[in-house]
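Here is the structure we will look at.
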Amino acid sequence: MTQRSFELPVVGASGRVDHPAAAAAFNADVARTEWHDASLWFVREKRDRAASTVPGWEELRARASAIKEHALTHLDEYLVQFEANATRNGMQVHWARDADEHNRIVHGILSAQGASRLVKSKSMLTEECGLNPYLEARGIEVVDTDLGERIVQLRGEGPSHIVMPAIHLRKEEVGDTFHDHLGTPAGLAEPNALAAAAREHLRQRFLAADCTLTGINFAIAETGGFVVCTNEGNADLGMALAPIHIASVGIEKIIPRVEDLGVFLRLLARSATGQAVTAYSTHVHGPREGQALHVVLVDNGRTRQLAREEFWRSLKCIRCGACMNTCPIYRRSGGHSYGSTVPGPIGSVLTPGLDLDRYATLPFASTLCGSCTAVCPVMIDLDTQLFRWRQRVVENGHVSLAKRASIDGATRVLDRPRLFRLLGAVARIGLRILPAPLARRAAGVWGRTREAPVPPPQSFRAWYRRHRGGAA
Amino acid sequence: MSAPERSARDAILAAVREARPPAVARVEAPIASPTPAGNGGISRTDAFNAAGIAAGADVTVCARGDVARIVDAALGGARSVLSFSDVTPFAARVVVVVNEEDLVDDLHAAYARIDVRAHPFGAFVAGPSKTADIEQSLVIGAHGPKALSIVVGRA
Amino acid sequence: MASSVALFVPCYVDQFFPHVAIAALTVLERLGIQVDVPEGAACCGQPAANAGFAREGHSTIARFVDVYAPYERIIVLSGSCAVHVKQHAGEVAAHGGHADTAGAGVAERTTEFCSYLHDELGVDWIAGLGATYDGRVAVHIGCHALRGLGLAKPSELQVRPFDKVRALLGAVRGLEIVDLARPDECCGFGGTFAVAEPAVSTKMGRDRLRDVATHGAQALVSTDMSCVMHLDGLARRERMGLPMYHVAEVLAGTAGAR
């Protein structure tokens, strides 16, 4: 029985997310790690092909970045404009400072109408807010209708990816889950058949729902409307049927104008899955006749991130997931190893801002290779921000004393060239004279899977002095 | 808006004003996106056809007089009049009829032509409902239409 | 002093891979460049900074600025170190008789070995070395050299293809370059990442090696000995028998000589 990635030792005894431990547990199953890596690399390659078909792709990224930077640096103005126009369109606009306020607002809307059956389309914000358990504890039936979200919901897991929530699961595992919860035949694992079963199961929930909740990809200040992008059409189905529609959105999702949508929609799906555009890009500018439409604008740490000179640009994120698909660490450690709603490079930049101590290992779950920055459709300098978080983690003392000591020691040596040379000589001789197992132990973690470098008889400096007569 | 929500609103807006990074000006230059038509001499209809098929739609380009016959055949005689927003999420099959002259090069051109405020609900539909949430296997018809047919009428 | 050129040999190259530094020096001298290798700075401070100790590493990069400020051109024998100097030397404030622009000047004048050969000397001049290498090799450009210095077109970007390393190796007679399935996937070294995240680091390295092996490469040629230290350590543990060289060794004709 393979270990479910949700059961990885993500959170250690200290209450801190231990990414290295979770990643090591994930890697214990080599075949699964390779399958996960290959699945995501496949999506990354689709993204490359899709991007290559767009003339001026890099200019489009630069424009998207510029629009977001403009919007974020005028966010108060655009929020007020959006609120005014949305209200004029017949929407009720709510404001929530944090997750708890968001959940209370949603529950308040439901209970005021006596609603008890909620269907949701994908919303990472509600995952971030812990909305499902909050409502379930208050007697509301919550059904995630995105197929991947429904799969992980039935399994009692969180999504492992923001676009492909069940990317960590094999079809056989989905089959077992559906057998347990939806009564599909034991052993059924064919994706078409499983999706058909989910379609029937969810169609009943759609018809019975008295409220639908969707996320928002783009909220347009100029018109007071918003856009929801899905491939399944599940958001559309919910919106067309339920008498109440609640749309939850982080305040950073505001864009100034309708024309900006052309830029973002051309980038979003290509970056996310390699499609030209999602199957459904739905524009909502008011409630259907007889429907109540609520928009909940949520802060939950976003204004704090906006205030951070080094990190505010992370709020440009349009949640395409491209940085996860390309990240060699994400691909080989799985989304759950990050212990955060948004995993991967962008999660490792956003989440430490919520609780630096808890998420202190995330900025180190990277080689700073920079591939994330190069795929990001809004050009977030992810590797630079990861580097900066590392400095903040250390400054704030969230690193083990051992690590601090070793680095301090190394720095002291590296500052003193003569001492460095002396220790270098000792190390080189040590590696030569020690029996291999001892040398391995000396090399510690390095030596568990790797040989140490073969020690040369002399350093370059020594050679240089002898052959080029360099001054001492 | 309730009193607590009013104070949340004011607190958030105050926090945003406090946090606001130095202003970045809006770029007003038009987007230079070479259109498919201007890129390799492919006609707009051919580009639309190729993109539609790639998205899983069944695209037919025909003389305008034949459009009604094709649509009739596709709908199998169904005649109920429903608004676009009501019908598309439920129908097993959706047929969209479009004039060739209404094809545009890209989304920039589309947004320049339409008024998104004109309807409370309007969607760009690129194909049938689909999902790849189980092991990246593409499944058509996750929730909504299992097929999308586009009939392009040519003068 | 005005047209003087310095070579910076990073700490781990000095200690573990002296033959690479000798090869680099040999190549530059054969190309007629008068090169100094000044003493006094063993490190640029990159390892500490990447581990989150930039503040602690500050004295290290300040020392680097002291030592290299007099030089017109500073050639760094590592992509990662070159990127670090270019990005952070400018943060070094005035000290020890240097103006506060000294750091920025050093950052500006710092380049990396392959970039210097390609951009400032040119491939034709390199061809004059008459280097030969008989065999099929895979090329591994370090991520910082790739995306930070622009040694080649990263696979993510939709720009005109270019590859300065292949251009240089194209001047080596007999050398054949094999294409990899993932042309620029990170090897998993990442400085302290190699020991902070050993499981993923190891897996990344093994995957990179498998890509190299399944495409029939007989050797690996890299821009960065830090990547090589990791990949070679993995390959030797698994007895792959895959020799690895720095570009400088191939150009100097010493690859395979060990």
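The values are calculated or read from the model by the stated rules, or taken from the named source; none is laboratory data. For clarity, every value in this text was computed on a predicted model and none was experimentally measured. A quick note on method: Cβ atoms are made from the backbone with ideal geometry, for glycine too, and the neighbour counts reach across all protein chains shown.
Structure notes:
- Within segment B:1-20, considering residues that are among the acidic types (Asp, Glu) and within 7 Å of chain A (Cβ to nearest Cβ), the one farthest from A:Thr87 (Cα to Cα): B:Glu18
- Subset of segment B:124-149 (residues that are β-branched (Val, Ile, Thr), assigned to a strand (DSSP E or B), surrounded by 20 or more Cβ atoms within 10 Å (Cβ to Cβ) and modelled with pLDDT of 90 or more): B:Thr131, B:Val139
- Against the conditions (1) assigned to a helix (DSSP H, G or I); (2) closer than 19 Å to A:Val298 by Cβ; (3) not hydrophobic (A, V, I, L, M, F, W, C), A:Glu69 satisfies every one except (2).
- Restricting the first member to segment A:170-181 and to residues that are among the small types (Gly, Ala, Ser), and the second to residues that are assigned to a helix (DSSP H, G or I), the beta-carbon pairs closer than 9 Å and six or more apart or on different chains are A:Gly175/A:Ala193; A:Gly175/A:Leu194.
- Across segment A:202-212, not a single residue is classified as crowded, with 23+ Cβ neighbours inside 10 Å, within 11 Å of chain B (Cβ to nearest Cβ) and either of a type in the set (Lys, Arg) or under 21 Å from the mean Cα position of the chain (by Cα) (or both).
- Residues satisfying the stated conditions in segment B:118-152, i.e. farther than 21 Å from A:Ala198 by Cβ and either free of Cβ contacts under 8 Å to residues at least 40 places away in the same chain or facing chain A (nearest Cβ under 7 Å) (or both): B:Ala118, B:His119, B:Pro120, B:Phe121, B:Gly122, B:Ala123, B:Phe124, B:Val125, B:Ala126
- A:Glu128 passes every criterion in (1) more than 14 Å from every other protein chain (Cβ to nearest Cβ); (2) surrounded by fewer than 21 Cβ atoms within 10 Å (Cβ to Cβ) apart from (2).
- Search result, residues across segment C:234-258 that are among the small types (Gly, Ala, Ser) and either touching a residue at least 24 places away in the same chain (Cβ under 8 Å) or surrounded by 24 or more Cβ atoms within 10 Å (Cβ to Cβ) (or both): C:Ala235, C:Ala248, C:Ala252, C:Gly253, C:Ala255, C:Gly256
- The listed residue being in contact with a helix residue (DSSP H, G or I) (Cβ under 6 Å, 6 or more places away or on another chain) and among the aromatic types (Phe, Trp, Tyr), out of C:Tyr68, C:Tyr116: C:Tyr68
- Evaluation of B:Val24 against (1) more than 30 Å from A:Asp76 (Cα to Cα); (2) modelled with pLDDT of 85 or more; (3) of a type outside the set (Asp, Glu); (4) surrounded by 16 or more Cβ atoms within 10 Å (Cβ to Cβ) (one fails), failing number: (1)
- Helices (runs of 4 or more DSSP H) completely within segment A:130-191 that count 3 or more residues being more than 21 Å from the chain's Cα centre (by Cα): A:131-136, A:171-182
- Every residue from segment A:28-43 that is part of a helix (DSSP H, G or I) and either surrounded by fewer than 21 Cβ atoms within 10 Å (Cβ to Cβ) or among the aromatic types (Phe, Trp, Tyr) (or both): A:Val30, A:Ala31, A:Arg32, A:Glu34, A:Trp35, A:Asp37, A:Ala38, A:Ser39, A:Trp41, A:Phe42
- Residue list for segment C:111-149, filter: part of a loop (DSSP other than H, G, I, E, B) and small (Gly, Ala, Ser): C:Gly122, C:Gly128, C:Gly130, C:Ala131, C:Gly142
- Selection from segment C:194-206 of residues that are at the interface with another protein chain (Cβ under 7 Å from one of its Cβ atoms) and closer than 16 Å to A:Ala452 by Cα: C:Ala194, C:Val195, C:Pro198, C:Thr202
- From the list A:Val142, A:Val152, A:Val163, the lone residue that is closer than 16 Å to A:Leu202 by Cβ and within 11 Å of another protein chain (Cβ to nearest Cβ) is A:Val152.
- Residue list for segment C:132-172, restricted to those being farther than 23 Å from C:Glu249 by Cβ and aromatic (Phe, Trp, Tyr): C:Phe162
- Remark: C:Gly190 matches the filter, which requires a residue to be surrounded by 24 or more Cβ atoms within 10 Å (Cβ to Cβ), small (Gly, Ala, Ser) and outside the structural domain of C:Pro47 (by TED's automatic domain parsing).
- Checking the stated criteria, B:Asp86 turns out not to satisfy the condition of being surrounded by fewer than 21 Cβ atoms within 10 Å (Cβ to Cβ), more than 7 Å from every other protein chain (Cβ to nearest Cβ) and either modelled with pLDDT of 85 or more or under 19 Å from A:Arg203 (Cβ atoms) (or both).
Residues checked against (1) at pLDDT below 90; (2) of a type in the set (A, V, I, L, M); (3) exposed (fewer than 15 other Cβ atoms within 10 Å of the Cβ):
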{"residue": "B:Arg9", "(1), (2), (3)": "no, no, no"}
{"residue": "B:Ala14", "(1), (2), (3)": "no, yes, yes"}
{"residue": "B:Glu18", "(1), (2), (3)": "no, no, yes"}
{"residue": "B:Pro36", "(1), (2), (3)": "yes, no, no"}
{"residue": "B:Asn49", "(1), (2), (3)": "yes, no, no"}
{"residue": "B:Thr60", "(1), (2), (3)": "yes, no, no"}
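- Restricting attention to segment C:209-258, the residues that are within 13 Å of chain A (Cβ to nearest Cβ) and in contact with a strand residue (DSSP E or B) (Cβ under 7 Å, 6 or more places away or on another chain) add up to 9.
- Hits in segment C:25-63 (condition: more than 10 Å from chain A (Cβ to nearest Cβ) and either in contact with a strand residue (DSSP E or B) (Cβ under 9 Å, 6 or more places away or on another chain) or among the hydroxyl-bearing types (Ser, Thr, Tyr) (or both)): C:Thr26, C:Leu28, C:Ile33, C:Gln34
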